[in-house]
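The block underneath contains the structure these notes are about, expressed in structure tokens.
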Amino acid sequence: MKSIQSKILSLIIAILFVGFGIPGAAHARPIRIGAVYDLTGALSVYGSGSNMTAKAAVKYINKHGGIAGRPVQYIVEDGGTKATTGLRKFRKLVLKDHCDFVLLSCNSGLGVGAPPLAKELNTIFFTEGTAREITGKKGNRYTFRQIDNAEMAAIAMSKFAAKNLGKRAYGLGADYAWGHSVVDTAAKCFAPLGIKLLGKTFSPIGTLDFVPYLSKIPKDTDFIIAGYFTADVIKLVKQAWELGFRKPIFVGTLEGIHYKDLGKGADLIWCGTYGSRSLNGYPKDVRPFQKQYREIVGLDNEGWDKTGKISADYIWAGWEGIFWIKKGIEDSGWKSKKDNLKFVKALEGAKVNASIEFPDGPKLMRAQDHQAICDIYVLKAEKGKIITKACMRWKELIPLYPPDVDFTKQPLQ
């Protein structure tokens, strides 16, 4: 039944393209882009947001002539915040839905597990998972990451903290790849910046009581580096306040979190992340495109969708993932998976400027590790809002974050 529905949808898209007057559109096979986004589970605020912007990007592209004269068909599957489910859905998108490219959620477990499957299926994918390993030793030449990773954010956090928050830190994080990436990278950065790490502790995923971990923090600590997201951030902040803790807490993300959600300890919270919550927090060269993008996808100037559940900080990766695929196809002349190597080479080392296609700003898709080098933002909960306090531009980040692999030496099928 789904196969029949897919064919009907392709026919409808082709008919619409004829209406736009695109030569040969009636006979053009749609470019099929699949997505595994976590629409349910702990990461659903990320998956729902990225799905929203990816769908908007496909609609925008089809309205403006498609990719290389071909319509785009978008098929999304729910990863359910489970890596095993996500990998199964990846396989289904390729083998049953015949997707040419796949976007993956911010689930780092899925991102780490995907490269061998992508190689097996000869399918290029773009991931929003931010553990370093994905574009490091666990990745391969089929892997692209269109967003900064946790280690890059930790570098920016560390440099900012050294100048503004003190010289004695403690690390707390969730005990899995992403949480370790946040804390461990910050720890590596501390010594050259004159910061002493007094210790670090990792709590199991799903921890409800952070008091045993908070109780280990020395009294002379100046600030905490914390690798947590969504509900864990809220629990951590509230419990820290109840314990009498009054030191700054630098978290890895505030996606989907309102100022009021953080309780009395809100103004303790800092965040190193991948985009500005507010429109005014973007540099002047980026702001006009960010404004246009927000109008298209349905985000206000403070970074919220109309439901008040999805914020702007992270979800631009869905939009830009679609446009990286568009760029790779158009720059390489890609027509089918037989041209995958051409596509890959076209994006290795590609630079883009801020535009409606890349509204988060200029960036480099580094050739060696297929890691996008983007601007990093430092946010702060302050006086009822989440505001932008600093921005590390992508060129500053390059010498601070060298690649540890070289995918360009790997063959494709």
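Bear in mind that the values in this text are calculations on the coordinates, not laboratory data. Just so it is clear, the model here is predicted, and its values are computed rather than measured. Every residue, glycine among them, receives a Cβ derived from its backbone with ideal geometry; neighbour counts consider all protein chains shown.
Between Arg29 and Asp331, what is the label-to-label distance in nm when each label sits 7 Å out along the Cα-to-Cβ direction?
It is 2.5 nm.
Which FRET efficiency value, to the nearest 0.05, is calculated for Ser215 and Leu193 with the Förster distance at 35 angstrom and r the Cβ-Cβ distance?
Efficiency for this residue pair is about 0.85.
Which entries of Lys167/Lys380; Lys92/Lys119; Lys59/Lys119; Lys63/Lys119; Lys159/Lys380; Lys82/Lys264 have Cα-Cα distances beyond 23 Å here?
Cα-Cα > 23 Å for Lys59/Lys119; Lys63/Lys119; Lys82/Lys264; rest within.
Angle between the Cα long axis of helix 2-19 and the longest principal axis of the chain, 0 to 90 degrees, nearest 10?
Approximately 70 degrees, to the nearest ten.
What translational D, rounded to a whole number of µm²/s, comes out for segment 306-413 from Stokes-Einstein when the hydrodynamic radius is the Kirkwood one over Cα pairs, at 37 °C and 0.692 mPa s?
207 µm²/s
Using only Cα atoms and rounding to the nearest 10 degrees, what angle (0 to 90) does helix 312-332 make with the longest principal axis of the chain?
The answer is roughly 40 degrees.
For segment 110-164, how big is Rg over Rh, using alpha carbon atoms and the Kirkwood form of Rh?
Rg divided by Rh gives 1.14.
Residues in segment 127-166, backbone N under 18 Å from the label point at Glu120 (7 Å along the Cα-to-beta-carbon vector): list them, ranges by number please.
Answer for segment 127-166: 138-143.
Quick check on segment 238-337: what are the equivalent-ellipsoid semi-axes from the Cα gyration tensor, as sqrt(5λ), descending, whole Å?
34, 15, 12
Using the C-alpha gyration tensor of segment 356-413, what are the square roots of 5 times its eigenvalues, in whole angstrom, with the largest one first?
Computed over segment 356-413, the values are 31, 13, 10 Å.
How compact and how long is segment 151-273, expressed as Rg and Dmax of its alpha-carbon atoms in Å?
12.8, 36
When DSSP beta bridges are limited to those with both residues in the chain, what percentage is antiparallel, rounded to the nearest 5?
35 percent
Between their Cα atoms, which of Lys284/Lys327; Lys216/Lys238; Lys138/Lys309 are more than 21 Å away from each other?
Checking Cα-Cα distances, Lys284/Lys327; Lys138/Lys309 exceed 21 Å.
Give the separation of the Cα centroids, segment 169-183 to segment 346-394, in Å.
Value for the Cα centre distance between the two parts: 22 Å.
Taking the simple approach of a point 7 Å from Cα along Cα-to-Cβ for both Lys137 and Asp175, what is their distance in nm?
Going from the Lys137 label point to the Asp175 one covers 2.1 nm.
What per residue convex hull volume, in Å³, comes out for the chain when only alpha-carbon positions are used?
127 Å³
Helix 287-297: angle to the longest alpha-carbon principal axis of the chain, degrees 0 to 90, nearest 10?
70 degrees
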